Amino acid sequence: MLYPTYVIDNFFPNPDEVVKFSKTLDFGRDTTLGKWPGERTNLMHEINLNFFQYTTKKIMSLIFLNNLSNINWEAQQYFQKVPCEGDVKQGWVHNDSNQQLTAIVYLSKHKGCGTSIYRKNSFFNGGKNYQVKEEYYSKNKKFDKKYYQALEENNSCFTKTIEVESVFNRLVIFDGSQWHGVNGFYDKNASEDRLTLLTFFHDIRGNNLKFPISEMHRVL
């Protein structure tokens, strides 16, 4: 693991404008692989390159401060919305092992619908039943007993270590290797969809690049 977990409030100076912008975009479901719930936009750098560059630079500046001129990155970014439905509860604990860094901005005013970080209960067991999740997500099937049993069996393999509340305009960043999951998709007091901005950094490189966790361990 190279990066700690960051939690930053008031990420956007104009979050309502960002939400308004998201409502002009087309969203679609993952009907092929079923890797995620709800709907996402297409890649943001293809929709609005200026927005993509602005947001990724803001995220990188939190970690690398004044060293940005020596750093290049590649990332995928999407808006994602999940319908506010009573049967959509806790998400599946998983990791983004093919990503170096994951960043989430909460853009709806849901409570109890943030993100938690987990550790495995067993060295060998990294989760179960993802094929069940993918079946239900890709086919947009209504969740039933089979789904919830598979979800519970998967999540029982982990212990929660950090819980981040879904405060509007809050950014959470964590190492892609960290096991994590959504605390919930449903807030009975919210009428809008749960909206987030997701950014996955899969390549971060530069001259004399230093990473926070490895630098900490150099201090003896």
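The values are calculated or read from the model by the stated rules, or taken from the named source; none is laboratory data. It should be emphasised that the depicted structure is a prediction, and the values quoted were computed from it without experimental measurement. No Cβ is skipped: glycine too gets one built from the backbone with ideal geometry, and neighbour counts run over all protein chains shown.
Below is a table of values for the structure above.
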quantity: Unique residue being among the polar types (S, T, N, Q), exposed (fewer than 15 other Cβ atoms within 10 Å of the Cβ) and in a strand (DSSP E or B) when the list is 50, 72, 42; calculated: 72
quantity: Restricting segment 24-39 to residues that are crowded, with 16+ Cβ neighbours inside 10 Å and under 10 Å from residue 78 (Cβ atoms), the residue that is farthest from the chain's Cα centre (by Cα); calculated: 27
quantity: Hey, residue 120 of a type in the set (Lys, Arg), modelled with pLDDT under 95 and closer than 30 Å to residue 60 by Cβ or not; calculated: yes
quantity: Filter result (polar (S, T, N, Q) and more than 19 Å from residue 95 (Cβ to Cβ)) within segment 147-174; calculated: 149, 166, 169
quantity: Residue among 167, 172, 182, 132 that is farther than 30 Å from residue 15 by Cα and β-branched (Val, Ile, Thr); calculated: 132
quantity: Any hit, segment 133-152, residues being at pLDDT 95 or above and either on the phi > 0 side of the Ramachandran plot or of a type in the set (D, E, K, R) (or both); calculated: no
quantity: Counted residues, segment 14-39 - those being touching a residue at least 60 places away in the same chain (Cβ under 8 Å), in a loop (DSSP other than H, G, I, E, B) and polar (S, T, N, Q); calculated: 2
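Matching residues to (1) among the hydroxyl-bearing types (Ser, Thr, Tyr); (2) closer than 27 Å to residue 107 by Cβ; (3) surrounded by fewer than 13 Cβ atoms within 10 Å (Cβ to Cβ):
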| site | (1), (2), (3) |
| --- | --- |
| 121 | no, no, yes |
| 132 | no, no, no |
| 149 | no, no, yes |
| 155 | no, yes, no |
| 162 | no, yes, no |
| 167 | no, yes, no |
| 185 | no, yes, no |
| 215 | no, no, yes |
